[in-house]
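The values are calculated or read from the model by the stated rules, or taken from the named source; none is laboratory data. Just so it is clear, the model here is predicted, and its values are computed rather than measured. Here Cβ is always computed from backbone atoms with ideal geometry, including for glycine, and neighbour counts include all displayed protein chains. For accessibility, only protein heavy atoms count, side chains too; no ligands or nucleic acids. Shrake-Rupley method; radii C 1.70, N 1.55, O 1.52, S 1.80 Å.
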Amino acid sequence: MSAIDLNADMGEYADETQQAIEAALMPLVTSCSIACGGHTGTAETMCATARLAKQHNVRTGAHPSYPDREGFGRRAVTLSSEELRLSLTLQVEALKGVLGLESLQLSHVKPHGALYNDAAKDIALAQVVASVCSGAVLVGPSGSALEAAAKEAGLPFAAEGFVDRLYLASGALSPRSEPGAVLADIDARAAQALAIAKGEKINARDGALLVKAETLCIHSDSPGAVETAQAVRKALEEADIAVRPFA
């Protein structure tokens with residue numbers, strides 16, 4: 001039996017409705033990446049999310065971003081390497097402090113939004129991200145600058161695939177500004193997750209693509225996130241693919 005991790009970006013809620021969605025999603029995933037102040041997240045949301053993860057035995061990681069709360073971290077921000085390193089360090093250390101209160105460990109670091117996309121292509125940015133990992137697993141796209149930076153720094157790396165996002169044949173995600181960038185159909189999301197887990201090509205915007213992944217991401221703020229997680233788990237289990245944390 002093969003296996004794959006199922007992760008979600010968490011602690012990103014701004015109201016009770018989204019908080020309830022995250023609470024329902026947590027038991028369905030095996031790892032979570034917690035927003036730690038860059039694009040969103042407060043001490044209160046970090047604490048609440050960490051406790052919820054502990055309750056459901058879900059691994060906890062940091063989800064740092066460019067310091068851009070107004071743009072939810074989805075815009076590139078021009079900073080010097082030291083400015084970015086300081087911002088990311090403060091974010092990751094804030095979460096580590098919260099996790100320590102709950103006797104939890106920092107499992108991984110996964111950059112958010114524009115930083116994720118930029119660091120996947122830019123080795124200098126990827127090196128800054130790797131420098132704040134404190135030995136934790138660095139999560140990013142397979143074959144990216146993030147993977148190269150992890151190897152250079154002697155860090156473990158986990159390749160990630162996306163359940164609910166449309167890919168380009170280049171391997172990049174279709175920009176959110178383009179129609180169809182977020183897959184709306186839950187069956188299509190489950191089919192994409194299963195294909196990635198089985199090592200099969202998926203349908204991209206402009207061709208077919210093989211996405212190598214040890215962990216699959218479901219965005220908690222995508223409509224139907226809970227139903228998607230349920231459908232993905234069902235598809236994987238029916239294919240004898242176990243859902244468990246990445247090594």
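Please report, as a whole percent, how much of the solvent-accessible surface of segment 17-168 comes from carbon and sulfur atoms (probe radius 1.4 Å).
Values: 3200 of 6070 Å².
On segment 17-168, the fraction of accessible area on carbon and sulfur atoms equals 53 percent.
How many angstrom lie between the Cα centre of segment 23-60 and the Cα centre of segment 72-86?
Each part reduced to its Cα centre gives a spacing of 23 Å.
Report the charge-dipole magnitude of segment 61-176 in Debye, nearest 20, computed about the Cα centre from +1 at each Lys and Arg Cβ and -1 at each Asp and Glu Cβ. If you can, show how the numbers build up before the last one.
Values: 10 positive and 12 negative charges, 42 e Å.
So the magnitude is around 200 debye.
How large is the dipole of the chain about the Cα centre if only Lys and Arg carry +1 and Asp and Glu carry -1, each at its Cβ, rounded to the nearest 20 debye?
Result for the chain is approximately 400 debye, rounded to the nearest 20.
Given H placed 1.01 Å from N in the peptide plane, which residues other than close sequence neighbours of A242 have an amide H under 5 Å from its amide H?
S2, A3, I4
Once amide H atoms are built 1.01 Å from N in the peptide plane, which residues 5 or more positions from R165, or in another chain, come under 5 Å H to H?
Result for R165 returns L183.
Which sequence of I4, I186 reflects their accessible areas, 1.4 Å probe, from the largest down?
These residues rank, largest area first, as I186, I4.
To the nearest 500 deg cm²/dmol, what mean residue ellipticity at 222 nm is calculated for the chain from DSSP H runs of n ≥ 4 alone, each contributing -39,500 (n - 2.57), summed and divided by the residues?
On the way: 8 runs with 97 residues, N = 247.
The helix-only estimate for the chain comes to -12000 deg cm²/dmol at 222 nm.
Please give the length that would be gained between E82 and R69 if that part of the chain were fully extended, namely 0.36 nm times their separation in residues minus their C-alpha to C-alpha distance (nm, one decimal). Present the calculation step by step, with values, prior to reporting the outcome.
Working: separation 13, 0.36 × 13 = 4.68 nm, distance 1.96 nm.
Fully extending the segment from E82 to R69 adds 2.7 nm.
List the pairs from K110/K212; K54/K212; K201/K234; K121/K201; K96/K198 whose alpha-carbon separation is above 27 Å, in the order I gave them.
The pairs that break the limit, which is 27 Å between Cα atoms, are K54/K212; K96/K198.
Can you give me the pair-distance distribution of the chain, C-alpha pairs, 5 Å bins, whole percents?
Going out from 0 Å in 5 Å bins, the chain shows 1, 7, 15, 20, 21, 18, 12, 5, 1, 0 percent.
Enumerate the residues in segment 12-40 having an amide nitrogen under 11 Å from the point lying 7 Å beyond the Cα of Q55 toward its Cβ.
Correct set: 20, 23-27.
Got a number for the accessible area of D240? Probe 1.4 Å, square angstrom, nearest 10.
Counting only protein heavy atoms, D240 exposes about 100 Å² to solvent.
For segment 120-136, what does the Karplus curve 6.51 cos²θ - 1.76 cosθ + 1.60, with θ = phi - 60°, yield as ³J(HN,Hα) per residue in whole Hz, taken in order and with x for Gly and Pro?
Going residue by residue, I get 5, 10, 10, 5, 5, 5, 4, 5, 5, 4, 4, 5, 9, 7, 6, x, 6 Hz, with x marking Gly and Pro.
With equal scatterers on the alpha carbons only and no solvent term, can you work out the Debye log10 of I(q)/I(0) for segment 59-166 at 0.14 1/Å?
-0.50
Given points 7 Å out from each Cα along the Cα-Cβ axis, report the A153 to D221 separation in nanometres with one decimal.
Computed distance between label sites A153 and D221 equals 2.4 nm.
Toward the positive end of the charge dipole of segment 3-62, about the Cα centre and with charges on Cβ (Lys, Arg +1; Asp, Glu -1), which of C36, L52, G11 goes farthest?
The one lying farthest along the dipole's positive direction is L52.
May I ask you to evaluate 6.51 cos²θ - 1.76 cosθ + 1.60, the Karplus curve with θ = phi - 60°, for each residue of segment 7-20 and list the ³J(HN,Hα) values in order in whole Hz, giving x for glycine and proline?
Taking θ as phi minus 60°, the curve returns 10, 9, 7, 10, x, 9, 6, 10, 8, 5, 5, 5, 4, 5 Hz for segment 7-20.
Enter the accessible area per residue of segment 159-230 (Å², integer; probe 1.4 Å; all protein chains in place).
In whole numbers, segment 159-230 has 44 Å² accessible per residue.
How big, in percent, is the set of alpha carbon pairs in segment 1-137 lying more than 18 Å apart?
51 percent
Counting Lys and Arg as +1 and Asp and Glu as -1, each charge on the Cβ, what is the dipole of segment 1-106 about the Cα centre in debye, to the nearest 20?
240 debye
Name the residue farthest towards the positive end of the dipole of the chain from the options F72, A195, P111, assuming +1 on Cβ of Lys and Arg, -1 on Cβ of Asp and Glu, about the Cα centre.
It is A195.
Would you mind working out the accessible area per residue for segment 1-89, using a 1.4 Å probe, and quoting it in Å²?
Per-residue accessible area for segment 1-89 comes out at 44 Å².
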